[in-house]
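K.L.:
Got a structure for you, written out below as structure tokens; questions coming shortly.
The values are calculated or read from the model by the stated rules, or taken from the named source; none is laboratory data. Note that the structure is predicted; figures quoted are calculated from it, not measured. For neighbour counting, all protein chains shown are included, and Cβ atoms are generated from backbone atoms with ideal geometry for every residue, glycine included.
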């Protein structure tokens, strides 16, 4: 073996070693379907994907943007990591864990492994819970707040920023979406 051949083979071997983790990661990511391309920063993967799925079922994309278009899940991930106080973070983390474990014990599958009809049925069952301060109801409020404070959520309501011109008497069309602000 001459020196040139040795350098060539060692370069190929080092490139193979350098790219093998990326190759394995890309092959692994092809094996399971992720609901979103966003990656969690503060939550773990199952929590992030579950929140994404819940938000998509609560606010699906119709003629107006959905929760994914408003980037609700990354916003909630940031809330968990940077803005929630520790006791609130623990409350919602424990509530989400209990929500997921309850689903697994009642349905026999994890929430993410249920089909869409099963997920909707489970959410309807949890939403009909008598307790006013149930985890799902309070978490649904966070999802709705995250959506309606986003730009796509505001545009879906015909949001007109204030301060603006005040028109005291305006005609409202019965077929018009909700009007926020003043025209």
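K.L.:
How many residues are surrounded by 12 or more Cβ atoms within 10 Å (Cβ to Cβ), within 19 Å of the chain's Cα centre (by Cα) and assigned to a helix (DSSP H, G or I) if we restrict to the stretch 102-120?
P.N.:
Going through the stretch 102-120 one residue at a time, the tally reaches 7.
K.L.:
Kindly indicate whether residue 89 is at pLDDT below 95, closer than 30 Å to residue 151 by Cα, in the same structural domain as residue 129 (by TED's automatic domain parsing) and touching a helix residue (DSSP H, G or I) at 6+ places or on another chain (Cβ under 9 Å).
P.N.:
Yes; evaluated as a whole, the condition is true for this residue.
K.L.:
Quick check: anything in the stretch 78-87 surrounded by 15 or more Cβ atoms within 10 Å (Cβ to Cβ) and in contact (Cβ under 8 Å) with a residue 60 or more places away in the chain?
P.N.:
Yes - at least one qualifying residue is present in the stretch 78-87.
K.L.:
Also, I was wondering about something else. Scan the stretch 121-159 for residues that are crowded, with 17+ Cβ neighbours inside 10 Å and part of a loop (DSSP other than H, G, I, E, B) and report the count.
P.N.:
1
K.L.:
Something else: Condition (residue is within 17 Å of residue 137 (Cβ to Cβ) and more than 17 Å from the chain's Cα centre (by Cα)) applied to the stretch 73-92: is it met by at least one residue?
P.N.:
Checked the stretch 73-92: at least one residue is within 17 Å of residue 137 (Cβ to Cβ) and more than 17 Å from the chain's Cα centre (by Cα).
K.L.:
Any residue at all in the stretch 43-50 that's within 21 Å of residue 153 (Cβ to Cβ) and either in contact with a strand residue (DSSP E or B) (Cβ under 8 Å, 6 or more places away or on another chain) or at pLDDT below 90 (or both)?
P.N.:
No, the conditions are met nowhere in the stretch 43-50.
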